[in-house]
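Read the structure below first, then the notes.
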Amino acid sequence: MAELTRLANGVTVAIDPMPGAQSAAIGLYAGVGSRSEADGKGGLAHLVEHMVFKGARGRDARAIAEAIEDVGGSLNAWTARDQTVFHARTLAPDVGLALELIADLVRAPKLDEAELEREKLVILSELGECLDTPDDLIHDHLFEAAFGTQPIARPVLGTDASIRGFTRADCTGWLEEQYRPDRLVIAAAGKVDPGHVLMLAEALFGDLPTGEAPAIADARFLGGTRSDRRSAEQAHLALAMPGLPASDPEAPSLSLFAQAVGGGMSSRLFQELREDRGLAYSIYAWTQGFADTGMFAVNLSTDKARAAEALNLARETVERAAQDLTEAEVKRARAQVEAGILMALETPQGRADAMARSLEIFGRIMSVDEMLEELRSVDAGRARAAGATMLSGPRAMASIGGKLALAA
């Protein structure tokens, strides 16, 4: 059973021992991401996540990699709009090493000036790869169309200009201002000893100074369009409507609506646009919830000549589902979502991630039974109602390589 402790300075520690496991996952989950960046500083959260791996405390980049790989483990990180995560996988005896390395990354990074200039080039290459990958770029365009100039609309990677302009002072300031104890969760799962993990957390993070982190600006779904006319083999299109905050009681209803409409090969969008009409190779629906807002979206790739037809049919399919989605479809969607949850929770990483996410959204660790009960309480009526509410709001559309105006 998961155990939850808060250190005196506010750092939260969540531990979930898994009988029979031989490995462990441990991570630091910081409730800060690209939406916390100041104007003109887009991409700073992601840059800092990269830079700390270039050297920390007494280790350079190679020594950090060798330290974790000498024991057969792995250490990595990722940045999102509302979160930055440093996570490690190890065998049970090396959990202490893993958390020590993570602590060094965020508390004692070298942030060498020469390394910073080199890493900027790496991130510019990553940005270039994103710009050359319409399937990735369309998501950034969609957030821009949906949220306009609000911080949540900024791409996680930043821009060419912002990346080139960052200084060492920007990086140190970000860590000092944003990585406050009350925004940090240490989550560990697998073959872990709760007493040992708690001792490590106290030793490595217990003296982290308290202080109020800068407030995160509220976000509101506005709707709009973003048309990128660059050359592409296909038209890449995305349509979005307001979703629900992650903690909203009806978020599970909208999740099942999205799954039934476009979550698998049996979904309406896949069957009607790909199987029945041959209009798209890739088509799917998804929903994402934040603390204060959310998004429901449909993404598809299609022949340019049929882009308007495909987008209009996708829109009609979603609208029709809000009127006549059946109990059988909701039952199938629920089975898929439940299976995904339970399969993920069989792994230490899945459990650590789930605990941290639950703490971020609800301020507590939600049990598996509670998660499943929320899903099982959703019938077709609630799923349709969630879809109808979503459809009553403003809409955002984004395109790459297509003529969005024709499909508006």
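Let's see how each residue does on (1) out of contact with any helix residue (DSSP H, G or I) (no Cβ under 6 Å at 6 or more places or on another chain); (2) buried (at least 16 other Cβ atoms within 10 Å of the Cβ); (3) within 23 Å of Phe290 (Cβ to Cβ):
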residue	(1), (2), (3)
Gly211	yes, no, no
Arg229	yes, no, no
Gln234	yes, yes, no
Leu237	no, yes, no
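Which pairs do you get when a residue that is farther than 13 Å from Gly190 by Cα and part of a loop (DSSP other than H, G, I, E, B), found in segment 1-16, comes within reach of a residue that is of a type in the set (Gly, Ala, Ser) and at pLDDT 95 or above, reach meaning Cβ atoms under 9 angstrom, with the pair 6+ apart or on two chains?
Every condition considered, the pairs that remain are Leu7/Ala201; Leu7/Gly206; Ala8/Gly206; Asn9/Gly206; Val11/Ala201; Val11/Gly206.
Of everything in segment 227-252, what is more than 23 Å from Asp135 (Cβ to Cβ) and assigned to a loop (DSSP other than H, G, I, E, B)? Give them in sequence order.
Leu244, Pro245, Ala246, Ser247, Asp248, Pro249, Glu250
Those residues that are buried (at least 19 other Cβ atoms within 10 Å of the Cβ), not aromatic (Phe, Trp, Tyr) and not in a strand (DSSP E or B), I need them from segment 179-190; list them, please.
Result: Arg180, Pro181, Arg183.
For (1) surrounded by fewer than 19 Cβ atoms within 10 Å (Cβ to Cβ); (2) modelled with pLDDT of 95 or more; (3) over 18 Å from the mean Cα position of the chain (by Cα), each residue gets a yes or a no:
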site: Met1; (1), (2), (3): yes, no, yes
site: Val13; (1), (2), (3): no, yes, yes
site: Ala24; (1), (2), (3): no, yes, yes
site: Tyr29; (1), (2), (3): no, yes, no
site: His46; (1), (2), (3): no, yes, no
site: Met51; (1), (2), (3): no, yes, yes
site: Glu66; (1), (2), (3): yes, yes, yes
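If we only count helices (runs of 4 or more DSSP H) wholly inside segment 332-408, which ones have 3 or more residues that are among the hydrophobic types (A, V, I, L, M, F, W, C), under 21 Å from Ala246 (Cβ atoms) and in contact (Cβ under 8 Å) with a residue 60 or more places away in the chain?
348-362, 380-391
Within segment 381-389, does at least one residue satisfy the condition of being farther than 30 Å from Arg230 by Cβ and exposed (fewer than 14 other Cβ atoms within 10 Å of the Cβ)?
yes
Identify, from the list Ala258, Ala335, the residue that is farther than 30 Å from Leu184 by Cα, exposed (fewer than 15 other Cβ atoms within 10 Å of the Cβ) and outside the structural domain of Gln83 (by TED's automatic domain parsing).
Ala335
Given the conditions (1) in contact (Cβ under 8 Å) with a residue 60 or more places away in the chain; (2) out of contact with any Phe, Trp or Tyr (no Cβ under 7 Å at 6 or more places or on another chain); (3) outside the structural domain of Ala92 (by TED's automatic domain parsing); (4) over 30 Å from Ala114 (Cβ atoms), report the number of the one that Pro214 does not fulfil.
For Pro214, the exception is condition (4).
Any residue in segment 171-194 that's basic (Lys, Arg): show its pairings with residues that are in a strand (DSSP E or B) and crowded, with 21+ Cβ neighbours inside 10 Å at Cβ separation under 7 Å, as long as the two are six or more apart or on different chains.
Arg183/Ala30; Lys191/Ala24
Taking Ala203 as meeting all but one of (1) of a type in the set (Gly, Ala, Ser); (2) in a loop (DSSP other than H, G, I, E, B); (3) free of Cβ contacts under 8 Å to residues at least 40 places away in the same chain, write down the number of the exception.
Condition (2) is where Ala203 drops out.
Applying the selection to segment 17-37, what residues are part of a loop (DSSP other than H, G, I, E, B) and closer than 14 Å to Asp82 by Cα?
Across segment 17-37, the qualifying residues are Gly31, Val32, Gly33, Glu37.
Given the conditions (1) within 20 Å of the chain's Cα centre (by Cα); (2) loosely packed, with under 13 Cβ neighbours inside 10 Å; (3) not polar (S, T, N, Q), which single one is not true for Glu316?
(1)
The values are calculated or read from the model by the stated rules, or taken from the named source; none is laboratory data. Everything numeric here is computed off the predicted structure, so don't read it as measured data. With ideal geometry, Cβ positions are generated from the backbone for all residues, glycine too; neighbour counts draw on all protein chains shown.
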